[in-house]
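Some notes on the structure that comes next.
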Amino acid sequence: MAEEMHGKIILVSGGGSGIGRAAALRLARAGAAVALADLSEARAQATAGEIIASGGKALALAGDVSWEADVARFVAATVAAFGRLDGAFNNAGISPAAVGCAGTPITEWSEEAFARVIAVNLTGVFLAMKHEIAAMARTEAGSGGGGAIVNTASVAGLVGLRGSSAYVASKHGVIGLTRTAALEYAPLAIRVNAVCPGYIDTPMVAPHMPTRGEDILRAVPFARLGTPAEIAELVLWLLSDCASFVTGAAYVADGGYSAA
Ligand code: NAD
C-alpha cells in the first residue's frame, strides 16, 4: 500500500510516541499529510520533523485530548493547514500507571484517578469524534467523500484485566462508542472502527517488563511483545479505501493473547 493514502489528510492523537508515532510515520510514508496532536509538544514536533525531513507533510499540535477546547483546536488547525479532514486515528491514552494505580484493585482506586483515565481514554475519543465528524460532514471530506476514523481500544476492551479497572472500563467504552458512531454516521459514508492491540513494545509497557515481563509473555502465544509498526499496518489499512466495506468493527492484533 505504498501510495494508498496519497492526498489524504489525517489527524493522529498521541502521535508523539509509541503506536501513534508509528502510525503517523506509516501514514505519511503512504502519502498522507498528518497532523500530530500530543500532550507533549516536543514529542509531537519530533514526529512531525521526521515526516517533513523525509519529504512528507506534517503539523505538530500540542494539547490535551480530554479538553474539548483543545480537541476543537486540533481539528480546526488541521483543516486550516491542509484544507479538510479525511481521517483520524484517535489513539492518545494513558495506563493506570500514569495515575499511580498500576495493579491496583478496585477498592483502592481514588475517584480522581479513575476519572482521569476515563477522561483521557474514553471522553477523549468522544470529543475527538464529535469534532472530527462535524468537520468531515462540513467539508465533504476526501476524494471519495465521507471519511474514516480509527479509535485505539485494546484487548482490555474485550476482556477483564486484574488491577486495571478504569483502563478496562475505558477501553470497553471505546468499542461501544465506535460501534455507535459507525451506525450514526454510515449515512454520511464515514467509517468508524477500533483497533485492539495486545501488549506492544512502547513506553507504556516497556517499564513493566523487568517486573511483569515473564507473566506477560507467558500469556502471549507468540511469546513476544508486538511492535508499534505492526499496529500501524492495521491502522493504515482501516483508514485506507482498501477497507471501504469495514465499519463498526474492533480488530484485534495481539499475538494470539485473546484467543486463549
Ligand atoms: P505511549 O505512552 O507510548 O504514547 C501515548 C502518547 O499519548 C504519548 O505521546 C502521550 O504524550 C500522549 N498522551 C497521553 N495523554 C494525552 C492527552 N491527555 N492528550 C494528548 N496526548 C496524550 O503509549 P502507547 O503504548 O503508544 O499507547 C497508545 C494507545 O494504545 C493508548 O490508547 C493505549 O491505551 C493503547 N494501547 C497500548 C498498548 C500497549 O501495549 N502499548 C496495548 C493496547 C492499547
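The values are calculated or read from the model by the stated rules, or taken from the named source; none is laboratory data. Predicted, not measured: the structure shown is a model, and the values here were computed from it. Backbone-built Cβ (ideal geometry, glycine too); neighbour counts: all protein chains shown. What goes into the accessible areas is simple: the full protein's heavy atoms, side chains included, and nothing from ligands, DNA or RNA. Shrake-Rupley method; radii C 1.70, N 1.55, O 1.52, S 1.80 Å.
Descriptive notes on the structure:
- Rounded tilt (10° steps) of 18-29 against the dominant C-alpha axis of the chain: 20 degrees
- Once you reduce region 33-76 and region 102-122 to the center of their Cα atoms, the two points are 27 Å from each other.
- In straight-distance terms, cross-link reach from Lys57 covers every one of the lysines whose alpha-carbon lies under 16 Å from its own, apart from those fewer than eight places away in the same chain; here that gives Lys8.
- Neighbourhood charge, 10 Å Cβ-Cβ cut-off, centred on Ala249 and excluding it, Lys, Arg +1 and Asp, Glu -1: +2
- Cα-based helix-to-principal-axis angle, 209-218 vs the chain, degrees rounded to 10: 90 degrees
- Dipole magnitude of the chain, debye to nearest 20 (Cβ charges: Lys/Arg +1, Asp/Glu -1, about Cα centre): 160 debye
- Cα gyration tensor category, rounded, prolate or oblate, for region 69-175 with a/c compared to 1.5: prolate
- Fraction of accessible area attributable to carbon and sulfur, region 9-251 (%, probe 1.4 Å): 58 percent
- Packing-based ranking, highest mean first, of 5-12, 96-103, 163-170 given that Cβ atoms within 10 Å are counted: 5-12, 163-170, 96-103
- Amide H to amide H distances under 5 Å link Ala58 with Val34, where only residues 5 or more positions off or on other chains count and H is placed in the peptide plane.
- Computed extension gain for Phe222 through Val246, at 0.36 nm per residue and net of the alpha carbon distance, reaches 6.0 nm.
- Candidate lysines - alpha carbon under 22 Å from Lys171, same-chain residues fewer than 8 apart omitted: Lys130
- Taking amide H as placed 1.01 Å from N in the peptide plane, Gly147 has its amide H under 5 Å from the amide H of Ile190, Arg191, each at least 5 places away in sequence or on another chain.
- Summed over the residues of the chain and divided among them, the accessible surface reaches 44 Å² per residue at a probe radius of 1.4 Å.
- Structure-based [θ]222 nm, the chain - -39500 (n - 2.57) summed over DSSP H runs of at least 4, per residue, nearest 500: -13000 deg cm²/dmol
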